[in-house]
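The values are calculated or read from the model by the stated rules, or taken from the named source; none is laboratory data. Bear in mind that the values here come from a model prediction, so they are computed numbers and not experimental data. With ideal geometry, Cβ positions are generated from the backbone for all residues, glycine too; neighbour counts draw on all protein chains shown. Surface areas here come from the heavy atoms of the whole protein model, side chains and all, with no ligands, DNA or RNA. Shrake-Rupley method; radii C 1.70, N 1.55, O 1.52, S 1.80 Å.
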Amino acid sequence: MRGTFTGFLLLFVCWIATATAQERPLLQTLYKPAFRKGKVASYLADIRRQTGIPVSYASSVLDSNRKVTVFKETTTLEIVFQQLLTGQAIEAAESNGSILLIPRVRPGNAQAIAYRIITGRIREKGSGEVLIGAAVYEPWRRSGVLTNTYGLYQLALPEGESRICLSYVGFKPDTFEVPAAGNFRKDVDLETAGNMDEIKILAKDRGTPGDRMHLRVTESKPQAQSLGSVDPVRDLQLEAGVQSGVPGSSGLIVRGGSPGQNLYLLDGVPLYYVDHFFGLTSVYNGDALKSVDFYKSAFPAKYGGRISSVIDAQGRDGDLQRMGGEASLGLLRAALTLEGPVLKDKMSFLVSGRRSWIDGLLRAVPEAPTAYFYDINGKLQWLINDNHRLYVGFYTGRDQLLSVGNDSPGYYQRLRWNNTVGSVRWNAILSPRLLMDATATYSFFQFDQRDQVHETDSSGMLQTSFLLGTSAIREAALATQFQWSPGLQYRAIAGIRLARTEFLPSALDRQLPNRIIGATGGVSSLFNTTELSGYAENAIRIGERWSFRPGVHIAAWLSGTFQYLSIQPRFYLAYRRTPWETWYASFNRMGQFLHLLSNNSFGLANDFWVPSTARIRPEESWNVNLGVKKEMNKHWEGRLEGYYKYIDGVISYVTGQNLFDNSDRWQDKITQGIGWSYGTELTSTFNHGDWSARMAYALSWNWRQFSALNGGAAFPYRYDRRHNLNLRLTYTPNHRFDATVQWMYMTGEAFTLPDQVYPDLDNNLNIYNPQGGILTPNGYTYNYAAWNAQRLPAVHRLDIGANFTRRRGLTYVRTWSMGIYNAYARPNVNFVSLRENANGSVSLQGTALLQFMPYVALKIKF
């Protein structure tokens with residue numbers, strides 16, 4: 001442990017020392033003019049060529065054709081600009097990694113400033129798809145904003161002529177002129193950049209750090225970790241402080257949280273189940289998504305209901321201009337997407353479906369288990385007029401696992417996970433300063449288990465019966481949000497949400513040939529709750545260096561016999577010390593009224609959503625984050641963060657309990673406690689020419705404490721992984737080929753192993769165990785000496801992938817993706833089981849999946 005601290009301390013000191021040594025303002029950059037006499041414009045072009053620093057100016061302000069004479073010797077840009085701008089009322093200033101030539105402000109000329117609002121939408125040229133996160137800025141006044149979920153922007157500017165600049169990764173930049181006075185609206189269609197070098201230049205992100213990660217799914221390429229497909233959840237697992245949980249799965253464990261503490265959204269609708277094919281892929285279909293915003297700290301006030309992270313995915317709207325689509329076939333599934341106009345430039349649709357195909361092969365193998373998944377995404381958008389848009393979206397999906405008994409003829413078990421969500425959204429520009437977004441959503445998740453078993457009745461006859469287990473959650477909600485932008489330095493957001501939720505924590509029925517017998521104690525009753533929440537947030541800028549975002553989220557959980565109130569302050573602060581270095585900090589209190597209960601011992605996980613009740617209090621967390629982001633030079637940048645999180649109200653099973661055990665007293669099987677986690681995260685990226693490299697490392701500790709477990713002593717959480725490291729190297733020589741090599745390592749997870757196992761001789765759980773020698777939690781009683789005292793081996797693997805792309809015409813794109821997942825066949829243990837041996841002893845058996853998986857995938861866009 002001492003060596004780990006020493007090594008990390010040296011890494012930290014070296015990183016800071018290097019950053020400090022390389023710190024240099026842009027105007028202090030050394031430059032030697034290539035010629036002694038020439039036009040101002042020629043010198044500006046030479047500066048850009050030699051230093052790579054962009055210089056921006058307005059032709060109406062600067063006389064760029066003026067001839068000047070400078071000293072042909074190495075000096076700083078500050079001195080050179082003094083020579084170039086002599087006789088012009090202009091000065092050089094730094095802003096967001098570029099140099100601006102702006103009018104010199106003379107003392108005594110300050111006066112009251114009248115602001116007007118510039119609004120509009122930024123869209124993709126040709127399809128009409130709105131662009132989320134496009135930069136809209138006025139360089140002379142150093143003011144800018146990003147477009148929102150609907151491609152809208154609101155920019156407050158003083159009166160006077162202005163030139164607005166637009167940029168978006170993968171698109172050609174654009175500009176437009178703004179009249180001297182009055183509010184002004186301008187919708188702009190950006191053209192896709194056809195030159196790869198241009199895309200690389202635009203990809204430089206100089207946005208405010210420590211706030212969020214914005215992933216543009218439409219520009220993501222198939223990767224080896226997702227077996228040749230695009231899966232945004234897999235991409236998020238590469239972030240520092242994020243891990244997959246079970247090796248190879250699409251789950252997210254964020255800064256010591258649990259899987260149920262992540263808020264997954266699809267077009268504003270919460271998802272309660274996000275895995276397909278046992279975690280090999282997620283429910284997020286990359287072909288149907290536009291972008292994903294990911295928050296692990298600095299949570300905006302509008303988000304509530306979970307305490308660890310937010311994954312906010314926005315679906316594509318459909319092409320308003322032409323019919324088109326995509327088709328793909330990979331190792332796991334086949335997919336088809338169709339989109340196009342219903343009414344050109346007014347209404348469009350998009351439908352995208354996926355279906356696994358490997359179950360068709362497994363059916364040919366007698367008594368082999370079979371599994372499949374499918375999902376369908378749909379979207380309809382209607383441009384009512386310039387100020388009003390209507391969106392209707394839906395998603396439905398299912399996973400199924402069917403297994404048969406080799407030792408028990410006629411036995412089978414079927415597991416199903418069903419997901420359905422829908423939304424209707426109305427977006428409106430009520431005035432140049434005021435935007436509104438109204439939403440109605442519906443979300444439903446159900447897990448059901450059907451077992452066919454054999455029993456001998458009192459007369460000695462063999463009868464077939466069924467055990468039916470169900471757990472479900474259903475939510476319907478209405479929400480409204482307003483955004484007000486009165487001036488250059490201020491923006492306010494406020495909203496309200498009302499949700500009605502219905503829970504069925506667990507239900508177990510037993511069906512005999514001629515009758516149905518409820519489980520002992522009956523079926524657990526439906527549990528209905530109402531959640532009312534509101535929020536308000538201000539985004540404030542003070543000068544060019546400081547920005548902060550205070551806010552509050554208030555939520556009330558209402559039932560017939562009890563209620564909970566949660567007041568959650570949010571605060572984010574950023575200080576831009578130099579154009580290359582920004583320090584930031586955040587504090588958040590988060591709360592959630594529902595809980596995802598997972599087994600924490602051996603075997604496959606059983607997950608159930610359960611509500612807060614009069615006996616089960618909500619989960620709450622307090623999060624503190626401090627970080628710094630620094631660009632060392634034009635090729636290398638790094639980010640260092642430290643955090644502490646405290647959680648109250650985390651839940652777990654009481655030792656040896658399971659919700660599917662013939663009892664409706666599910667609250668008796670749950671215990672609550674506290675948790676805390678802390679750590680340091682380091683991210684570094686390097687880009688040079690055709691090569692790019694990325695490193696993400698997290699050093700963390702994660703603890704839990706329950707009075708009813710482990711004798712009341714604290715113990716490591718299941719996903720307490722001390723070290724988590726991701727390395728990636730990408731080579732992209734042109735738009736026809738790219739290759740990626742990725743290596744990951746993380747400490748093995750902790751798990752609980754009983755020191756004694758007692759057979760359930762009286763079968764008081766009344767559940768038949770047809771699985772032969774495998775011991776299941778339903779058939780045995782356990783004694784635990786220590787909780788999470790065992791560790792699985794460390795997880796590591798190497799993934800290699802390449803994409804070969806061919807374009808034909810304006811719309812046809814064919815991509816072959818191939819590679820190897822887990823190239824050196826590391827047997828990473830997914831789960832462990834207790835097995836009874838022939839001599840009556842019990843041994844521990846680990847199961848490792850996904851060892852050395854080559855893949856080939858084809859995708860055609862038309």
Which members of region 822-850 meet the condition of being in contact with a Pro (Cβ under 6 Å, 6 or more places away or on another chain) and not in a strand (DSSP E or B)?
828
Just to be sure I understand, how many residues within region 458-503 are at pLDDT 80 or above, in contact with a Ser or Thr (Cβ under 6 Å, 6 or more places away or on another chain) and more than 17 Å from residue 555 (Cβ to Cβ)?
2
So which residues in region 173-207 are at pLDDT 80 or above and among the polar types (S, T, N, Q), if there are any at all?
175, 183, 192
Tell me yes or no: at least one residue of region 708-715 is within 29 Å of residue 649 (Cβ to Cβ) and open to solvent by 60 Å² or more (accessible area, probe 1.4 Å).
yes
Does residue 322 satisfy the criteria of being touching a residue at least 12 places away in the same chain (Cβ under 8 Å), surrounded by fewer than 21 Cβ atoms within 10 Å (Cβ to Cβ) and not in a strand (DSSP E or B)?
yes
Per-region count, region 27-59, residues more than 44 Å from the chain's Cα centre (by Cα) and within 17 Å of residue 91 (Cβ to Cβ):
2
If we keep only residues of region 776-796 that are assigned to a strand (DSSP E or B) and open to solvent by 20 Å² or more (accessible area, probe 1.4 Å), then the residue modelled with the highest pLDDT is 796
Residue 698 passes all but one of the listed conditions (1) open to solvent by less than 20 Å² (accessible area, probe 1.4 Å); (2) at pLDDT below 95; (3) closer than 23 Å to residue 793 by Cα; the exception is number (2)
I need the full set of residues from region 96-126 which are modelled with pLDDT under 75, closer than 29 Å to residue 152 by Cβ and open to solvent by 20 Å² or more (accessible area, probe 1.4 Å), in order please.
96, 112, 113, 114, 115
Just the residues that are farther than 15 Å from residue 591 by Cα and part of a strand (DSSP E or B), please, taken from region 557-574.
571, 572, 573, 574
Which residues, taken from region 541-568, are surrounded by fewer than 14 Cβ atoms within 10 Å (Cβ to Cβ) and under 26 Å from the mean Cα position of the chain (by Cα)?
567
